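Beneath this line is the structure, given in structure tokens, with notes to follow.
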Amino acid sequence: MIARRSRSPLRAPSLAALPLILLALVACGRGDRSRAGAGGTIVIAQTAEPATLFPPRMSQVPEQVVVTMLFERLAELGPALNTIGDSGFVPALARRWQWANDSMSIAFALNPQARWHDGVPVRAEDVRYTFHVYTSPVVASEGRTLLQNIDSVTVRDSLTAVFWFARRTPQQFLDATATMYILPAHQLAAIPDSALVRAPFGRQPVGSGPFRFARWEAGSRLELVADSTRASGRPSLDRLVFSYVPDLPAATVKLLAGEADFLDQVRPEGIAAIRQAPNLRLHPATELNYAFVGFNLEARRSPIGKPGAPHPILGDVRVRRALTMATDRATIVRSVLDSLGTVALGPAPRALIPDTAALRPLPFDIAAASALLDSAGWTGRAADGTRLRGTQRLAFELLVPSSSPTRIRMSVLLQAACKTIGVDLSVLTQDPATLGPRIDARDFDAYLGGFQASPGLQGVRQVWTSTGSSNYQGYRSPRFDQLADSALTAFAPAVSRSLWTRAFQVAIDEAPSLWLFEQHTVVAAHRRLQLPPFRADGWFYTIPAWSVDPTQR
């Protein structure tokens, strides 16, 4: 599945060294308005607002939360989150599918009763058009890297779309279903690809999912209403409201004041107050997230996917390794997150890394870090203690989202760690609306961000391989590329496990990022909410099955 940037830098969320809990799948919208518990409105407080609701261009978790309510995929992952073959999937827009004898194509039969929210039937042409949009270089979807093994999508008849593959892989079915939310061709096909990203559809979308778009007040709130005519069943709730606030303290205040029903991220300092609130409850929510300091290995503003000149400082692997080894990550994570975090290992959360025990993280070793900088030629010193190479200062800028107190506090500790080895790290906090475009344009030296991963490790190809559509760091490693590709295409589990171990070790050694933390996510909800178990790949997938106590609407 596509990797999503998390709430705060919007590339940026977090997991811990806990066993992956296999949560029960609650199928979207199997409800009936007449059943007990149906109805009601809930308000979800979030610290970042979507930039767009056009599915191919969503890159942030707040966007995915809303898009998942408005649109549908052909099939969804089941309770075991098994991404190999198709046995772990349940029908969504497609009611059934059939593989070709040689496994080089899959025919998806659509639900003939499925309708877009404007009443037009969903048809196979919508699926073909969706693949065209997601793979269009002009649209530049972040998920296009994950669709490279799909050669084409054809229309067999009005209700049958056929996916044709370039090669057999263990996760072909995942490729065809996980990345793409199906789009309405009748709404979009007349618009040139070059104009789709800026089209009004991104602010007033028409989908086929459990909720319909109602209204969006920029900077304030976004409202969805239940699709009561949906053939596969309406959601339990009547209305869903997303309330946008500038940061987590403000979101926590809104929750405590009774102005919101749900907060998807609780910081350690907010736990005590929520525990004391009689109308609130805390819930653990395992999430596949990891955070890091992403180094730009190439000159600023180098285009994604095309090799650029090396960054004058961070293009040197010795400097990147030194920065990691000078950082006491265990102490930083413990001091900021207490028991709600653990040190990240590499370019995936621990729950998805096949063999964490086999990996060798770079040690905390200030002497070794200093020696690496000496070997890289940074032997001079300025009056303020900053290292020099000739007249060049060993100095660079770190972008940090202003909406995240956690990352702001960590940036201060990172700044102090850098100073111990003569590195002048300047921290620039920016609101997500400004920071996101800078990361997209690769206009940075480093940023404190992260990704929400999905089962299957497909996101590793999207984010960390040389041609990855979300490779903002400009990390280009032939060794890593080859090992990751081989791991994703190996049918033997033991072979795949070994290849992944080698690939992750390469990423650790080459240090395209300083792997910082994984966060134990805790959410808070009003007691009037009746919540099923959360899915490990995203708390929001079960929203259509949430309900409100009828006595507290």
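The values are calculated or read from the model by the stated rules, or taken from the named source; none is laboratory data. Being a predicted model, the structure only gives us computed values, none of them experimental. Neighbour counts are summed over all protein chains in view; Cβ atoms, including those assigned to glycine, are modelled from backbone coordinates with ideal geometry. For the accessible areas, the whole protein counts, side chains as well, though only heavy atoms, and no ligand, DNA or RNA atoms are used. Shrake-Rupley method; radii C 1.70, N 1.55, O 1.52, S 1.80 Å.
Counting only strands (runs of 3 or more DSSP E) that fall entirely inside segment 65-158 and contain at least 2 residues that are buried (at least 20 other Cβ atoms within 10 Å of the Cβ), the qualifying elements are 75-77, 94-99, 105-110, 150-157.
Looking at segment 370-407, which of its residues are at pLDDT below 95 and either of a type outside the set (Ser, Thr, Tyr) or open to solvent by 60 Å² or more (accessible area, probe 1.4 Å) (or both)?
Going residue by residue through segment 370-407, those that are at pLDDT below 95 are 401-407.
Within segment 370-407, 401, 405, 407 qualify.
The strands (runs of 3 or more DSSP E) falling completely within segment 220-330 that include 1 or more residues that are open to solvent by less than 50 Å² (accessible area, probe 1.4 Å) and over 30 Å from residue 420 (Cβ atoms) map to 221-226, 239-244, 280-284.
A search for C-beta distances below 7 Å between a residue of segment 191-210 that is of a type in the set (Val, Ile, Thr) and open to solvent by 10 Å² or more (accessible area, probe 1.4 Å) and any residue that is modelled with pLDDT of 95 or more and part of a loop (DSSP other than H, G, I, E, B), counting only pairs 6+ apart in sequence or on different chains, returns 191/199; 197/54; 197/139; 206/116; 206/117; 206/118; 206/184.
State yes or no: is residue 453 farther than 23 Å from residue 313 by Cβ, open to solvent by 40 Å² or more (accessible area, probe 1.4 Å) and in contact with an Asp or Glu (Cβ under 9 Å, 6 or more places away or on another chain)? Against the criterion (farther than 23 Å from residue 313 by Cβ, open to solvent by 40 Å² or more (accessible area, probe 1.4 Å) and in contact with an Asp or Glu (Cβ under 9 Å, 6 or more places away or on another chain)), residue 453 does not qualify. Of the residues making up segment 329-349, those that are modelled with pLDDT of 95 or more, charged (D, E, K, R) and touching a helix residue (DSSP H, G or I) at 6+ places or on another chain (Cβ under 7 Å) number 0.
Within segment 495-532, being over 16 Å from residue 449 (Cβ atoms) and part of a strand (DSSP E or B) holds for 522, 523, 524, 525, 526, 529, 530.
Where strands (runs of 3 or more DSSP E) fall entirely within segment 395-463, those with at least 2 residues that are within 30 Å of residue 84 (Cα to Cα) are at 446-452.
A count restricted to segment 436-454 and to residues that are touching a strand residue (DSSP E or B) at 6+ places or on another chain (Cβ under 9 Å) and under 26 Å from residue 540 (Cα atoms) stands at 9. Residues in segment 331-373 that are under 21 Å from the mean Cα position of the chain (by Cα), more than 18 Å from residue 412 (Cα to Cα) and not in a helix (DSSP H, G or I): 342, 344, 345, 346, 347, 348, 349, 353, 354. The set of residues from segment 41-61 being assigned to a loop (DSSP other than H, G, I, E, B) and not hydroxyl-bearing (Ser, Thr, Tyr) comprises 48, 49, 50, 51, 53, 54, 58. The lone criterion from (1) open to solvent by 50 Å² or more (accessible area, probe 1.4 Å); (2) at negative phi; (3) assigned to a loop (DSSP other than H, G, I, E, B) left unmet by residue 181 is number (1). Among residues of segment 456-486 being at pLDDT 95 or above and of a type in the set (D, E, K, R), the one that is surrounded by the fewest Cβ atoms within 10 Å (Cβ to Cβ) is 479.
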